[in-house]
Structures are given as C-alpha cells and as structure tokens.
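Colleague: Submitted below is the structure of interest, expressed as structure tokens.
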Amino acid sequence: MHPNLSDNAATGDIEIKLDGMSVEVPSDRRSFGAIRSYLELLALQEQRVLCSINLDGEPVNLTQPQNSAQPFALFEAETMGLNEVPAQLIKAALQQTISARGRLESAVELVLINDNSHAREIWWNLSALMKEPLLTLSLLPENICKPSNGGASLTQLRKWQLEQLGCVIHDVDTACDAEDTIVLSDALENRALPWLNALHDSLNLWNETLLAETRVAAALT
C-alpha cells in the first residue's frame with residue numbers, strides 16, 4: 001500500500017517524471033495539484049503543454065477534478081507542442097469513443113438481466129458518455145480537416161453528428177418505455193452502437209489524414 005500524502009510530503013518518496021525524464025520538484029509540492037501546476041509551468045517555459053498524466057500507471061482524466069486525498073507514488077506526465085494539439089484532440093476523442101463503445105457493448109446484455117428501472121439508469125448514464133467525443137472535437141480548429149471534392153466542412157460534420165446523436169438518444173429513450181427490456185437492448189445494439197461505430201471510423205479517417213499531412217509537411221521542410 002502506498003503511503004498517504006502526508007507521509008509522501010514528509011519523506012519526499014514520490015517519483016515524478018516529465019516526458020520520461022525524472023524531475024526534481026520543490027519539497028512543498030507533494031499533492032496532485034501542486035505537482036501538476038509545477039510541471040505545467042516547466043512545459044510552458046518550453047512552449048509546450050501537458051497532454052497526459054498517469055498516477056501509478058493509471059491515466060488521469062485531465063478534464064475532471066482529481067481526488068487530492070488519493071495516495072500515489074509515481075507521477076508521470078507527457079507534454080506536446082502546440083502544433084500537436086489537433087492530433088491529440090482527435091486521439092482523445094477516439095479513445096473516448098472506444099471506451100463508450102465498450103461499455104455500450106456490455107450494456108446490450110446487461111440491461112436484459114435488470115428490471116426496467118435499473119436498465120433505464122444504465123442507458124441514461126451511458127448516454128452522457130456518448131457526447132464526450134463530440135465535445136472534444138468541438139475544440140478542433142475549423143481548418144484542421146479541409147473538405148475535399150465539395151465535401152462538408154468540419155463545422156457542418158460536427159453539426160450533423162450532434163443531430164444524429166440527438167436522434168439516437170431519442171430513439172433509445174423511447175425504447176426505455178417498453179415493459180420488456182429486450183426492446184431497450186435491441187435499441188442499444190441497432191441504434192446506439194452503429195452510431196458509435198460510424199464515429200469511430202470517421203475519427204480514424206481524420207487521424208490518418210492528419211498524420212499524412214504532417215508527414216508531407218515534414219518532408220517539405
């Protein structure tokens with residue numbers, strides 16, 4: 001078991017790494033927030049930003065408050081240059097999509113072994129996760145994925161995805177009203193999962209396109 005934060009502060013036994021290199025942090029910075037703030041300062045001084053943090057090998061959601069009372073012994077952070085932000089956002093959205101899809105796949109069977117009340121709660125919790133990739137994509141600059149051959153702009157694609165998600169959630173919510181949870185299970189499998197699969201394919205395409213453009217730009221310099 002890891003020592004608690006007060007012990008860590010006293011003994012200084014937290015291992016801290018930034019981009020794979022060990023970092024010396026002031027002795028009074030032993031909480032998660034204090035260490036993160038210090039590493040963010042180091043990154044900014046190099047015109048970079050923190051893009052990921054792992055505590056004892058487990059990834060931290062940087063968009064949610066961290067439990068300051070949670071003990072840890074290894075703090076690992078990675079940074080990226082500002083030109084890498086769009087690619088990182090697409091990767092983050094892709095991971096959110098994969099995570100939501102995995103939970104939804106489990107829910108297809110899980111709702112069948114629960115009563116209506118619990119089955120609906122399972123779906124309502126999942127529906128909140130489905131919009132997370134779109135919120136991440138909203139941070140992308142408009143010119144990052146240029147339309148070709150008269151294709152839709154990134155803004156238009158995001159609007160369509162939001163509209164589609166709204167229709168999916170409406171249809172699955174309607175299925176929640178059925179007495180038989182098989183109806184909800186079928187809606188998850190035939191409406192929600194296909195939407196996530198389509199989003200996953202789109203994100204993969206955007207990621208590959210961005211990587212290709214980066215390689216071409218690097219070859220020209």
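Rule-based calculations on the coordinates, nothing more; no lab input. Predicted model, so just to flag it, every value in this text is computed and none were measured. Here Cβ is always computed from backbone atoms with ideal geometry, including for glycine, and neighbour counts include all displayed protein chains.
Colleague: Can you give the alpha-carbon Rg of region 172-221 over 2.2 N^0.38 Å, where N counts its residues? It would help to have the intermediate numbers written out before the result.
Modeller: Details: Rg = 19.3 Å, N = 50, 2.2 N^0.38 = 9.7 Å.
Here the Cα radius of gyration is 1.98 times the empirical estimate.
Colleague: Follow-up. What is the magnitude of the charge dipole of the chain about its Cα centre, with +1 placed on the Cβ of each Lys and Arg, -1 on the Cβ of each Asp and Glu, and no other charges, expressed in debye to the nearest 20? Can you show the working numbers first?
Modeller: On the way: 15 positive and 30 negative charges, 156 e Å.
Taking the Cα centre of the chain as origin, the dipole is about 740 debye.
Colleague: Over the chain, what per residue volume does the convex hull of the Cα atoms give, in whole Å³? All intermediate terms of the calculation are to be shown ahead of the outcome.
Modeller: Values: hull volume 32.6 nm³, N = 221.
Output value, Cα hull per residue: 147 Å³.
Colleague: Right, something else. What percent do you get for the relative contact order of region 53-138 when only Cα pairs under 8 Å and 6+ apart count? Mind dumping the intermediate values first?
Modeller: On the way: 55 pairs, mean separation 24.4, N = 86.
Reported as a whole number, the value is 28 percent.
Colleague: Next up: Considering the chain as a Gaussian network with a 10 Å cut-off on Cα pairs, which listed residue, SER127, SER37, SER185, attains the greatest mean-square fluctuation?
Modeller: In this elastic network of the chain, the residue with the biggest mean-square fluctuation among SER127, SER37, SER185 is SER37.
Colleague: Further question: If R₀ is 41 angstrom, what is the calculated FRET efficiency for the pair ILE182 and MET80, using the beta carbon separation as r and rounding to 0.05? Mind dumping the intermediate values first?
Modeller: Details: r = 46 Å, r/R0 = 1.12.
Calculated value: 0.35.
Colleague: Here's something else I'd like to know. Which of VAL60, VAL108, VAL172 ends up with the largest GNM mean-square fluctuation for the chain, with Cα atoms connected below 10 Å?
Modeller: Residue with maximal mean-square fluctuation among VAL60, VAL108, VAL172: VAL60.
Colleague: Now, a different point. Roughly speaking, what is the centre-to-centre gap between region 194-217 and region 35-54 when only Cα atoms are used, to the nearest Å?
Modeller: Here the two parts' Cα centres lie 27 Å apart.
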